[in-house]
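Have a look at the structure below, then the notes.
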Amino acid sequence: MATMQRFFVTGTDTEIGKTRITAGLLEKAGQLGLQSLGIKPVASGSEITQDGLRNEDAVAHQKASTYSCDYAVINPFCFAPAIAPHIVAEQENIELTVKSINEALKPALAQSAEFVLIEGAGGWHTPLNQQECYSDWVKSAQLPVILVVGVKLGAINHALLTQESILKSGLRLAGWVANCVDPDMPYQAENIEYLKAHIEAPCLGVVPFLAEGDSVSSYLSLPPLK
């Protein structure tokens, strides 16, 4: 069996394609013969299905993974309203903390998958509650981080600020992906080259603007082993 690899996937903002890139990396791992598992610990904006409350991001990870796992294991905190997790958790009187996430993820992290991606919600400092952010959980878990950069106006500032915060946390930035979310962005190539020169981690891929549903795995590579 290959060495187990675990990474946390964050983004420069919300709605910049974290889930699509996460699924693409899971597919790439599977293509390379690895047992891949995608985990979405906290998800809001979910719908009632015949199988219960389901979030489309978590379902996408389940489909892209080559390691089979029950839905409740990969998405223990599933909320219906499409609002910030800390707000909906307060409204539903659910404890959303670093400690509660650690406890809820024990079954998922006990699995024997070789390549595991844990996708956050929103950006790096998305709140869990009034005192803790998602980044606090990543620090507690000491996970290397993969950063998805939504390439659009403001991307450089958002990417460098996020990198600075990750590195100041004492965590390793294992890689980053340029995800081109604005097809009409002027000087897109120049912006990406600047990011390549100033992000202190390998670029795992440049994903062009694609139609919904198109696979991105062919544009991606896995982070190097450390």
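The values are calculated or read from the model by the stated rules, or taken from the named source; none is laboratory data. Fair warning: this is a prediction, and the values are worked out from it, not measured in the lab. Please note: Cβ atoms are built from the backbone with ideal geometry, for glycine as well, and neighbour counts cover all protein chains shown. Just the protein is used for accessible areas: all its heavy atoms, side chains included, with ligands, DNA and RNA removed. Shrake-Rupley method; radii C 1.70, N 1.55, O 1.52, S 1.80 Å.
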Exactly one of Ser36, Ser68, Ser46 is more than 24 Å from Leu173 (Cβ to Cβ) and open to solvent by less than 20 Å² (accessible area, probe 1.4 Å), and that one is Ser46
Tally time: how many residues in segment 216-226 are out of contact with any Pro (no Cβ under 9 Å at 6 or more places or on another chain) and open to solvent by 60 Å² or more (accessible area, probe 1.4 Å)?
2
Scan segment 46-58 and give yes if some residue there is among the basic types (Lys, Arg), in contact (Cβ under 8 Å) with a residue 12 or more places away in the chain, touching a Phe, Trp or Tyr at 6+ places or on another chain (Cβ under 9 Å) and on the phi < 0 side of the Ramachandran plot, otherwise no.
yes
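Name every residue in segment 88-111 that is of a type in the set (A, V, I, L, M) and either closer than 20 Å to Met4 by Cβ or surrounded by 15 or more Cβ atoms within 10 Å (Cβ to Cβ) (or both), in order of residue number. Before the answer, list the steps.
Filtering segment 88-111 down to residues of a type in the set (A, V, I, L, M) leaves 88-89, 94, 96, 98, 101, 104-105, 108-110.
Hits for segment 88-111 are Val88, Ala89, Leu96, Val98, Ile101, Ala104, Leu105, Ala108, Leu109, Ala110.
When only residues in segment 17-33 that are in contact with a Leu (Cβ under 8 Å, 6 or more places away or on another chain) and not β-branched (Val, Ile, Thr) count, which is most open to solvent (accessible area, probe 1.4 Å)?
Kept after step one, since they are in contact with a Leu (Cβ under 8 Å, 6 or more places away or on another chain), are these residues of segment 17-33: 21-22, 24-26, 28-29, 32.
If we keep only those that are not β-branched (Val, Ile, Thr) too, we end up with 24-26, 28-29, 32.
Details: Gly24: 2, Leu25: 0, Leu26: 0, Lys28: 38, Ala29: 0, Leu32: 114 Å².
For segment 17-33, the residue satisfying everything is Leu32.
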Matching residues in segment 122-151 - criterion: being open to solvent by less than 30 Å² (accessible area, probe 1.4 Å), over 22 Å from Ile83 (Cα atoms) and either over 15 Å from the mean Cα position of the chain (by Cα) or at pLDDT below 95 (or both):
Val151
Would you mention how many residues in segment 168-215 are at pLDDT 95 or above, within 19 Å of Leu26 (Cα to Cα) and surrounded by 15 or more Cβ atoms within 10 Å (Cβ to Cβ)?
12
Working carefully through the options Ala197, Ala141, find the one that is under 23 Å from Phe77 (Cβ atoms), out of contact with any strand residue (DSSP E or B) (no Cβ under 7 Å at 6 or more places or on another chain) and of a type in the set (A, V, I, L, M).
Ala141
Just a yes or no: is a residue in segment 157-166 free of Cβ contacts under 8 Å to residues at least 40 places away in the same chain, within 30 Å of Glu103 (Cβ to Cβ) and of a type in the set (A, V, I, L, M, F, W, C)?
no
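Just to be sure before I move on: is Gly154 open to solvent by 10 Å² or more (accessible area, probe 1.4 Å), under 14 Å from the mean Cα position of the chain (by Cα), within 26 Å of Pro85 (Cα to Cα) and not hydrophobic (A, V, I, L, M, F, W, C) in the structure I sent? Spell out the reasoning first.
Working: open to solvent by 10 Å² or more (accessible area, probe 1.4 Å): yes; under 14 Å from the mean Cα position of the chain (by Cα): no; within 26 Å of Pro85 (Cα to Cα): yes; not hydrophobic (A, V, I, L, M, F, W, C): yes.
Answer is no for this residue.
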